[in-house]
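What follows is a short report on a single structure.
The values are calculated or read from the model by the stated rules, or taken from the named source; none is laboratory data. Fair warning: this is a prediction, and the values are worked out from it, not measured in the lab. Neighbour counts are summed over all protein chains in view; Cβ atoms, including those assigned to glycine, are modelled from backbone coordinates with ideal geometry. Side chains included, ligands, DNA and RNA excluded: accessible areas come from the protein's heavy atoms. Shrake-Rupley method; radii C 1.70, N 1.55, O 1.52, S 1.80 Å.
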Amino acid sequence: MKNNFNSWIGDLSQVAGIKHYELRSGRAKGTEAFDVRTGAGLTFTVVKDRALDIAWASYKDTAISFITPNGMVAPTFFEPQGNGFLRSFYGGWLTTCGLSYIGTPCEDQGEMLGLHGRLAATPAEEVGYRTERTDRGIEFIINGKIRETRLFGENLTLERTIRCTCGENVLHITDKVTNHGFTAQPLQILYHFNYGWPLLSPEAEIILSAKSIVPRTPEAEEGLAQHLNITGPQPGFAEQVYYMALNSNDDGMSKVALINHQLGWGIYEKFSTRALPNFIQWKNLGAGEYVMGLEVSNSFPDGRDKERAKGRLAFIQPGETIDYCFELGIVEGEAEIRALKEEIAGYC
């Protein structure tokens, strides 16, 4: 769809735009969200009260993201202890974990840390959304701040901007993490991208270029040779997790993709391996829990205590700002899919 269509419609909302609303039932009650339609087939939901993460997403009415049995859950139901995160984890296209810790519950320097941190259950502040005419065309923009603070502890802010252009099937996420405190603080962040059926199916293919891969568990070790293979749902499937270092282009940028050949389209993720050097494949093909995570992180999710002990724990200095940027887009048709494969195969 071109941007010069004004003579055909009365209002832009006829074909594209942002809709702001509040969910009113069950454990989601009171949760504010934004539905975004690009007008070219891609739609997604940004959840204001869950760190401006992305829940439901679809392309041409075909689902992209995995939603857990929890469904949408308001942040008031978040349980920070142990594995309580799993009781309010809705999955979605993107759940952002962090900021000061991610991964396995642990005790680090006397502090008890639960699974995957608090960020994903934190409402955004100073949130704005707008439709704007720019050099790119008509853009839909959502932005806000998510704070992780504690007296005698961290004072971190993630400022997020999500933008897409009317008539295109690409969205950009720009995150700026700033330490507003006066001491260095641990910084662990994990972009938990989650793909489900029908995009994820035995007709789907994962495309990536890795220079190393390490299975996380004995179950993953057993499935290493088939880690990119996708079967149908299997009752009792034991999740498999793989840690990878990806190849990239000369600018340190890399792409991974999930392509469904039966549908004739797929999704790619583009990001900087310099800022986010760790790629994590979460393979969970269980019945009712059928999901593939293609996740990007600055850390490994084995617990902050282990990362500290191994000398790999990242820190953000007082006053420092660190940027993380993503491009997410649709590739459709044999020509686009072939070009993407050739691009990724050329990384070194």
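In summary, Lys341 fulfils each of the numbered conditions (1) within 13 Å of Ile259 (Cβ to Cβ); (2) part of a loop (DSSP other than H, G, I, E, B); (3) not acidic (Asp, Glu) with the single exception of condition (2). On the basis of being surrounded by 15 or more Cβ atoms within 10 Å (Cβ to Cβ), assigned to a loop (DSSP other than H, G, I, E, B) and either touching a Lys or Arg at 6+ places or on another chain (Cβ under 7 Å) or modelled with pLDDT of 95 or more (or both), does Leu313 make the cut? Criteria met by Leu313. Consider region 1-54 and keep the residues that are touching a Cys at 6+ places or on another chain (Cβ under 7 Å) and open to solvent by 20 Å² or more (accessible area, probe 1.4 Å). The one that is modelled with the highest pLDDT is Gly39.
Could you please let me know if Ala74 is in contact with a helix residue (DSSP H, G or I) (Cβ under 7 Å, 6 or more places away or on another chain) and either open to solvent by 30 Å² or more (accessible area, probe 1.4 Å) or more than 20 Å from Val291 (Cβ to Cβ) (or both)? Judged against the criteria, Ala74 is a match.
Of the residues making up region 171-185, those that are within 18 Å of Ile54 (Cα to Cα), open to solvent by 30 Å² or more (accessible area, probe 1.4 Å) and not charged (D, E, K, R) are His172, Thr174. Kindly indicate the residue of region 261-276 that is among the small types (Gly, Ala, Ser) and assigned to a strand (DSSP E or B) and also surrounded by the fewest Cβ atoms within 10 Å (Cβ to Cβ) among those meeting that condition. Only one residue tops the list, namely Ser272.
Scanning region 232-260 for residues that are part of a loop (DSSP other than H, G, I, E, B), touching a residue at least 40 places away in the same chain (Cβ under 8 Å) and surrounded by 12 or more Cβ atoms within 10 Å (Cβ to Cβ) yields Pro233, Phe237, Glu239, Asn247, Ser248, Asn249. Taking the listed residues Gly167, Gly128, the one that is over 19 Å from the mean Cα position of the chain (by Cα) and either crowded, with 19+ Cβ neighbours inside 10 Å or on the phi > 0 side of the Ramachandran plot (or both) is Gly167, with no other qualifying. Restricting attention to region 83-125, the residues that are polar (S, T, N, Q) and either open to solvent by less than 20 Å² (accessible area, probe 1.4 Å) or within 13 Å of the chain's Cα centre (by Cα) (or both) add up to 4.
Can you pull out the residues in region 18-42 that are of a type in the set (A, V, I, L, M) and more than 24 Å from Lys60 (Cα to Cα)? Scanning region 18-42 gives a single hit, Ala28.
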